[in-house]
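Visitor: Take this structure, written in structure tokens, and hold onto it; I'll ask about it next.
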Amino acid sequence: MAALREPGNIEGVGLGLRSAHSAELLAGVGDVPWLEVLADNYAHGDGLPLRNLESIRERYPVVFHGVGMSLGSAEPLDKSYLDAVLDLARRIEPAWLSEHLAWTSSGGRHHHELLPLPFLDETVQVLAEHVQQVQDRLGGRMLVENSATYMAFHDSQMSELEFLGRVLETADCLLLLDVNNVYVNARNHGFDAREFLRGLPADRVAQMHLAGHDDHGDYLIDAHGSPVAEPVWALFAEAVRLFPEVPVCVEWDRDVPSLEVLVGEMNRASGVVTEVTEVALAGQEGLSHAP
Amino acid sequence: MLRELQQELARALYEEEAESAACASVLERIRPLPELPAKQCLDLYRGSVAQVVHDALGEIFPVCAELVGDDCFRSVSNRYMRAAPSRHADLARLGDGWPDFVAEQSFLSSVSYLADMGRLELGLHHAHAAPWPEPSVDPAKLSEAISSEPEAWRFILPPSATLLGSPHPVLSIWEAHQDRRVERGWKLDPAAPGEQMIICRHGTEIYADFVEPSLWPILRSIAAGEAVDQQLALAGGLRRAHSPDSSLAFDSEDSVPILTTIQALFERGWVVGGRPL
């Protein structure tokens with residue numbers, strides 16, 4: 001079953017769609033090139049939300065993002081959830097679908113929270129099986145996102161970086177690299193964020209996320225309710241150097257500001273991409289003219 | 001090991017007391033962060049799970065939250081989270097059981113209208129995402145069919161419709177919260193009678209409206225899936241109370257015609273079509 005559209009028209013920096021901005025976006029405000037849609041908000045109902053999304057889709061290329069698939073749960077995937085998301089994908093034809101490396105349900109109960117995974121061989125296998133099930137039905141490769149976490153487990157057998165690499169390889173899927181989450185985890189768990197980026201398999205990085213976090217002093221929370229923090233902008237520039245031409249989405253979920261503010265963040269991200277790309281091109285020019 | 005760890009952590013998320021045995025058990029498996037002890041790591045997730053439920057319920061039931069205040073609403077939200085595990089990935093369905101849960105809470109007996117206010121707000125919430133009405137039978141054909149065989153046809157309410165009859169004036173209270181009259185000193189008349197209402201979506205407009213006592217039994221009959229002849233009898237009964245000698249099809253000058261009554265339901269968008277039984 002093919003539900004995906006050719007991803008060629010997802011380029012540059014886009015925005016996460018928030019319903020408060022639908023009318024302005026439909027009027028073309030902000031010159032936004034593409035939108036990321038939280039599939040969970042549209043997969044379980046009909047009526048106004050879906051009609052709005054169909055209108056948005058007529059004007060914008062979209063990608064799907066999800067929070068409720070619970071890829072990392074030791075239990076089977078929720079078939080009704082998967083059916084609903086795939087039905088929506090058939091209808092809307094996103095360029096791709098992404099989900100978090102996390103678990104959100106157990107024992108038939110949905111926790112509505114991205115819960116942390118222990119980095120085990122067993123977890124790699126569970127994730128790979130679930131991702132492959134989704135990919136088989138989707139008719140294409142999906143993206144998995146590195147999650148922000150505020151807890152680790154004594155049982156873990158490997159680092160987050162090794163875990164991520166093994167999941168991508170075993171499941172043969174792509175990475176949605178959340179740059180803010182890398183920064184948050186580096187601060188919370190005490191590792192080098194740049195080294196983490198350099199350790200990622202560049203050929204599997206297919207999208208990036210940028211968002212704001214809350215700084216509680218001793219720890220950071222991936223809250224999505226504020227502008228992207230300055231250190232994250234710096235890390236993003238490094239990510240763009242390592243993974244050029246990868247589409248980027250700016251997310252903002254809590255205390256959602258005006259579209260103007262979000263477009264400002266989007267334009268700043270575009271500026272970083274342009275600057276890094278120009279520096280890289282100048283470097284190549286310099287090399288090609290070198291004696 | 002993964003399943004066992006997830007079950008253990010899930011149990012700890014919903015424990016009322018952070019010092020419980022379930023929390024202590026999972027704490028042994030949590031490796032602290034460099035700057036955060038294991039207990040605080042767990043507390044972050046426990047707090048976040050509760051906050052998600054509180055926020056989702058607050059979006060569905062904003063007037064209920066205003067009526068009881070945030071502390072009480074949070075307390076109800078926490079109790080509900082523990083008593084009614086979320087069985088659906090869709091956060092928008094989290095509130096489906098909330099009004100019935102509220103109705104059973106003795107500590108909320110002083111706000112006896114809270115459960116019905118919850119039902120009203122849940123109706124509005126459902127109307128938002130309810131499917132569009134299916135294309136109806138051609139009105140002329142429908143009219144002909146129900147005139148000749150009213151016992152073989154039923155009227156259809158919009159998929160977005162919720163009928164709510166309350167012993168409390170909940171729609172009046174809700175309206176007072178919408179136009180902020182509450183902030184200007186509006187007080188509920190303790191002697192105010194109960195209200196019957198329909199919550200519905202007409203096109204893209206979502207609304208709650210009072211239903212006159214004469215229409216209420218007819219709408220209830222339609223909602224119950226009863227045949228059109230039942231609704232005609234109800235409308236006729238209402239009319240005959242005023243004019244006992246008039247026929248079913250034609251009405252006396254001082255009463256509401258039956259077909260006019262049915263027509264009014266269509267015009268208001270409260271009835272959207274008919275189908276054979």
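Visitor: Looking at the stretch A:92-106, which of the residues that are within 14 Å of chain B (Cβ to nearest Cβ) and either small (G, A, S) or part of a helix (DSSP H, G or I) (or both) is farthest from B:S48 (Cα to Cα)?
Guide: So, considering only residues that are within 14 Å of chain B (Cβ to nearest Cβ) and either small (G, A, S) or part of a helix (DSSP H, G or I) (or both), the one farthest from B:S48 (Cα to Cα) is A:S106.
Visitor: Okay, moving on. Within the stretch B:116-162, how many residues are of a type outside the set (G, A, S), more than 14 Å from chain A (Cβ to nearest Cβ), surrounded by fewer than 20 Cβ atoms within 10 Å (Cβ to Cβ) and within 16 Å of B:H202 (Cα to Cα)?
Guide: Number satisfying all stated conditions: 2.
Visitor: If you don't mind, there's one more thing I want to ask. Within the stretch B:19-38, which residues are within 22 Å of B:R79 (Cα to Cα) and surrounded by fewer than 15 Cβ atoms within 10 Å (Cβ to Cβ)?
Guide: B:E19, B:S20, B:A21, B:A24
Visitor: Let me confirm something: among B:R11, B:R3, which residue is surrounded by 17 or more Cβ atoms within 10 Å (Cβ to Cβ), under 37 Å from the mean Cα position of the chain (by Cα) and outside any strand (DSSP E or B)?
Guide: Sole residue among the options that is surrounded by 17 or more Cβ atoms within 10 Å (Cβ to Cβ), under 37 Å from the mean Cα position of the chain (by Cα) and outside any strand (DSSP E or B): B:R11.
Visitor: Somewhere in the stretch B:86-104, is a residue of a type in the set (A, V, I, L, M, F, W, C), touching a Leu at 6+ places or on another chain (Cβ under 8 Å), in the same structural domain as B:T260 (by TED's automatic domain parsing) and farther than 23 Å from B:L265 by Cβ?
Guide: Checking the stretch B:86-104: not a single residue is of a type in the set (A, V, I, L, M, F, W, C), touching a Leu at 6+ places or on another chain (Cβ under 8 Å), in the same structural domain as B:T260 (by TED's automatic domain parsing) and farther than 23 Å from B:L265 by Cβ.
Visitor: Answer yes if at least one residue in the stretch B:183-196 is assigned by TED's automatic domain parsing to the domain that holds B:A264 and closer than 21 Å to B:A264 by Cβ, and no otherwise.
Guide: The answer is yes, given that some residue of the stretch B:183-196 is assigned by TED's automatic domain parsing to the domain that holds B:A264 and closer than 21 Å to B:A264 by Cβ.
Visitor: Residue by residue through the stretch B:56-71, note down the ones that are crowded, with 19+ Cβ neighbours inside 10 Å, without any contact (Cβ under 8 Å) to a residue 60 or more places away in the chain and in contact with an Asp or Glu (Cβ under 9 Å, 6 or more places away or on another chain).
Guide: B:C64, the sole residue that qualifies.
Visitor: Can you tell which of A:D203, A:D215 is within 21 Å of A:Y150 (Cβ to Cβ) and without any contact (Cβ under 8 Å) to a residue 24 or more places away in the chain?
Guide: A:D215
Visitor: Report the residue count in the stretch B:69-79 for those that are within 14 Å of chain A (Cβ to nearest Cβ) and charged (D, E, K, R).
Guide: Total satisfying the criteria: 0.
Visitor: Still on this model: Do we find that A:R241 is among the basic types (K, R), at pLDDT 95 or above and surrounded by 19 or more Cβ atoms within 10 Å (Cβ to Cβ) in this structure?
Guide: So A:R241 fails the test.
Visitor: Evaluate the stretch B:44-51: report whether one residue or more is more than 9 Å from every other protein chain (Cβ to nearest Cβ), surrounded by 15 or more Cβ atoms within 10 Å (Cβ to Cβ) and among the aromatic types (F, W, Y).
Guide: No, the stretch B:44-51 contains no residue that is more than 9 Å from every other protein chain (Cβ to nearest Cβ), surrounded by 15 or more Cβ atoms within 10 Å (Cβ to Cβ) and among the aromatic types (F, W, Y).
Visitor: Here is a further query. Confirm whether A:R137 is out of contact with any Asp or Glu (no Cβ under 7 Å at 6 or more places or on another chain), over 18 Å from A:V67 (Cβ atoms), at pLDDT 95 or above and of a type in the set (K, R).
Guide: no
Visitor: Another question about this same structure. Could you tell me whether the stretch B:172-186 includes any residue that is assigned to a helix (DSSP H, G or I), out of contact with any Lys or Arg (no Cβ under 7 Å at 6 or more places or on another chain) and loosely packed, with under 11 Cβ neighbours inside 10 Å?
Guide: Within the stretch B:172-186 (the criterion being assigned to a helix (DSSP H, G or I), out of contact with any Lys or Arg (no Cβ under 7 Å at 6 or more places or on another chain) and loosely packed, with under 11 Cβ neighbours inside 10 Å), the answer is yes, since at least one residue qualifies.
Visitor: Go through the stretch A:19-53 residue by residue and tally those that are among the charged types (D, E, K, R), within 12 Å of another protein chain (Cβ to nearest Cβ) and part of a helix (DSSP H, G or I).
Guide: Residues in the stretch A:19-53 being among the charged types (D, E, K, R), within 12 Å of another protein chain (Cβ to nearest Cβ) and part of a helix (DSSP H, G or I): 2 in total.
Visitor: In contact (Cβ under 8 Å) with a residue 12 or more places away in the chain, within 7 Å of chain A (Cβ to nearest Cβ), closer than 28 Å to B:A129 by Cβ and touching a strand residue (DSSP E or B) at 6+ places or on another chain (Cβ under 9 Å): is that true of B:L5 in this structure?
Guide: Spelling it out, it is not the case that B:L5 is in contact (Cβ under 8 Å) with a residue 12 or more places away in the chain, within 7 Å of chain A (Cβ to nearest Cβ), closer than 28 Å to B:A129 by Cβ and touching a strand residue (DSSP E or B) at 6+ places or on another chain (Cβ under 9 Å).
Visitor: Could you please let me know if A:V29 is surrounded by fewer than 17 Cβ atoms within 10 Å (Cβ to Cβ) and closer than 22 Å to A:V261 by Cα?
Guide: Yes: the conditions hold for A:V29.
Visitor: Kindly provide the set of residues from the stretch B:169-202 that are within 14 Å of chain A (Cβ to nearest Cβ) and without any contact (Cβ under 8 Å) to a residue 40 or more places away in the chain, ordered by number.
Guide: Within the stretch B:169-202, no residue meets the criteria.
Visitor: In the stretch B:80-90, is there at least one residue being away from chain A (no Cβ under 14 Å) and either in contact with a helix residue (DSSP H, G or I) (Cβ under 6 Å, 6 or more places away or on another chain) or part of a helix (DSSP H, G or I) (or both)?
Guide: Within the stretch B:80-90, none of the residues are away from chain A (no Cβ under 14 Å) and either in contact with a helix residue (DSSP H, G or I) (Cβ under 6 Å, 6 or more places away or on another chain) or part of a helix (DSSP H, G or I) (or both).
Visitor: Of all residues in the stretch A:107-127, count the ones that are part of a helix (DSSP H, G or I), more than 27 Å from A:V62 (Cβ to Cβ) and among the aliphatic types (A, V, I, L, M).
Guide: The qualifying residues number 2.
Visitor: Let me ask you something else. Among the listed residues A:G271, A:G283, which satisfies the condition of being exposed (fewer than 15 other Cβ atoms within 10 Å of the Cβ) and closer than 24 Å to A:E24 by Cβ?
Guide: Just a single option satisfies the conditions, and that option is A:G271.
Visitor: While we're looking at this one, here's another question. So which residues in the stretch B:87-103 are modelled with pLDDT of 95 or more and either surrounded by fewer than 16 Cβ atoms within 10 Å (Cβ to Cβ) or not hydrophobic (A, V, I, L, M, F, W, C) (or both)?
Guide: B:G95, B:D96, B:G97, B:P99, B:D100, B:A103
Visitor: Within the stretch A:63-84, does at least one residue satisfy the condition of being more than 11 Å from chain B (Cβ to nearest Cβ), crowded, with 20+ Cβ neighbours inside 10 Å, within 23 Å of B:A127 (Cβ to Cβ) and within 22 Å of the chain's Cα centre (by Cα)?
Guide: Checked the stretch A:63-84: no residue is more than 11 Å from chain B (Cβ to nearest Cβ), crowded, with 20+ Cβ neighbours inside 10 Å, within 23 Å of B:A127 (Cβ to Cβ) and within 22 Å of the chain's Cα centre (by Cα).
Visitor: So which pairs qualify, if the first residue must be in the stretch B:30-43 and farther than 16 Å from A:L220 by Cβ, the second must be assigned to a helix (DSSP H, G or I) and of a type outside the set (S, T, Y), the Cβ gap must be under 6 Å, and the two must be at least 6 apart or on different chains?
Guide: Within 6 Å, the pairs are B:I30/B:A38; B:I30/B:C41; B:A38/B:L27.
Visitor: Report yes if A:P118 is within 14 Å of chain B (Cβ to nearest Cβ), within 20 Å of B:P85 (Cβ to Cβ) and of a type outside the set (G, A, S), otherwise no.
Guide: Judged against the criteria, A:P118 is not a match.
The values are calculated or read from the model by the stated rules, or taken from the named source; none is laboratory data. What you see is a predicted model, and the numbers here were worked out from it, not measured in a lab. Every residue, glycine among them, receives a Cβ derived from its backbone with ideal geometry; neighbour counts consider all protein chains shown.
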